[in-house]
Amino acid sequence: TELYGAATTEEQRFLHRLLTGELRQGALEGLMVDAVAAASGVAAPAVRRAFMLSGRLPETAATALTGGQDALAAVGLEVGRPVRPMLAAPGDSLDAALAALGTDVTVEHKLDGARIQVHRRGDEVRVWTRTLREITDGVPELVELVRGLPCDTAVLDGETLALDDDGRPRPFQDTMSRFGTEESGGEVMLSPFFFDLLHLDGRDLVDDPTETRLDALAGLLAADTHAALRMPGARRPSPEQAAEVLEEALSAGHEGVVVKDLAAPYAAGRRGRAWQKVKPVHTLDLVVLGAEWGYGRRTGSLSNIHLGARDPDGGEPVMVGKTFKGMTDELLAWQTATFPEYETAREPGVVHLRPELVVEIALDGAQRSTRYPGGVALRFARVLRYRPDKTPAEADSLDAVRALLSG
């Protein structure tokens with residue numbers, strides 16, 4: 001009531017739409033952290049660190065507004081309360097990542113798995129996902145493995161995935177079937193690979209350099225029976241050795257590598273470049289089959305495009321995904337002006353097009369899918385450019401998309 005009473009009519013309208021969920025205002029988490037810092041008059045790093053350790057932005061905002069810098073500094077790591085994970089920024093290439101971070105780095109395998117954070121206190125072990133959703137009851141094998149480590153309290157960071165009998169990664173959906181986000185094709189066992197240690201037997205390590213945390217992790221997993229739980233990699237490799245680690249990761253069926261600054265503390269979010277992930281980029285030339293009208297700041301623009309691969313048997317292109325990523329304002333304007341020239345039909349929110357436009361797409365790979373008729377879907381697709389020099393007959397085939405399946 002006090003807030004609405006102090007607001008103008010325009011501000012009241014904004015608040016009403018925000019609180020009822022009608023407003024798509026695009027305030028990302030990082031922007032909200034900066035806003036809390038500005039509103040409370042404290043330094044943004046202090047807000048960011050408290051948010052990382054508490055995992056709860058509303059509580060962090062209340063702490064900043066009522067207690068200021070001192071209250072934020074008092075927020076610490078608690079075993080049993082998940083910490084927001086540190087994330088890797090995309091690296092242009094292995095050479096570029098090494099040039100940016102120098103020689104004091106570790107280069108580790110980047111798996112196509114699910115991020116996990118595991119807390120142990122005595123015999124109690126709890127497991128969370130990257131989004132801090134608890135999955136302890138669904139992963140008993142991970143609980144038992146961590147319960148067998150030689151420690152009383154620990155907070156481990158890593159990835160888990162399903163492996164086949166040869167030790168190669170099974171398709172991504174097989175891993176995600178254990179997390180309740182994909183249709184399960186049967187029970188599969190998960191294998192964990194830990195790459196960081198944030199707490200060990202009463203000592204918090206988040207503010208220590210990466211090298212210190214890696215030393216502690218190596219000590220915890222020193223026994224032969226636990227060595228397989230550690231993420232493969234090399235510390236301070238030469239450029240040639242780093243390239244070998246990347247080749248080993250790719251040969252084993254993994255995504256690539258992560259290059260990490262050995263001097264960096266543990267910090268949540270994507271702002272810094274202390275961790276850089278390097279993955280080979282796949283590109284495909286695909287046919288635009290339709291587009292959806294955008295919303296929010298894209299209202300009035302044809303945005304989310306439907307993508308089709310060439311049918312190797314000569315039929316119509318087969319839909320394999322959608323994307324709205326990688327589009328500049330200029331490209332959105334071009335699509336909105338051009339697509340109606342190719343329109344064949346409309347339905348609410350969607351314009352269907354003649355399959356004549358070819359677009360170059362970058363993607364991280366492909367996965368099995370029951371959503372699309374080809375049984376395969378693109379992963380993390382984004383637009384690079386349109387290819388007026390190519391006809392739909394020269395687009396990549398459905399077989400080329402299927403060749404990118406991870407298993």
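Among 119, 199, 282, the residue with the largest mean-square fluctuation in a Gaussian network model of the chain, with springs joining Cα atoms closer than 10 Å, is 282.
Residues 371, 84, sorted by accessible area with the largest first, give 371, 84 [1.4 Å probe; ligands and nucleic acids excluded]. The portion of the accessible surface of the chain made up by carbon and sulfur, rounded to a whole percent, is 51 (1.4 Å probe; DNA, RNA and ligands excluded). Counting 0.36 nm for each residue step from residue 137 to residue 283 and taking away their Cα separation leaves a gain of 48.6 nm. Over the chain, DSSP H runs of length four or greater, each weighted -39,500 (n - 2.57), average out per residue to a 222 nm ellipticity of -8500 deg cm²/dmol. At full extension, residue 403 and residue 391 could sit 2.1 nm farther apart than now, given 0.36 nm per residue minus the alpha carbon distance. Taking every lysine pair in the chain that is 8 or more places apart or spans two chains, those with Cα atoms closer than 22 Å amount to 10. Using R0 = 41 Å, the C-beta based FRET efficiency linking residue 250 and residue 343 works out to 0.45. For residue 134, the solvent-accessible surface computed with a 1.4 Å probe is close to 80 Å², ligands and nucleic acids excluded.
Taken over the chain, the convex hull of the Cα atoms encloses 183 Å³ per residue. Compared with the direct C-alpha span, the chain from residue 207 to residue 6 gains 68.2 nm at full extension, assuming 0.36 nm per residue.
The values are calculated or read from the model by the stated rules, or taken from the named source; none is laboratory data. Computed from a predicted model, the values in this text were never measured in an experiment. Every residue, glycine as well, gets a Cβ built from its backbone with ideal geometry; the counts of neighbours run over all protein chains shown. Areas reflect the complete protein model, heavy atoms only, side chains present, ligands, DNA and RNA absent. Shrake-Rupley method; radii C 1.70, N 1.55, O 1.52, S 1.80 Å.
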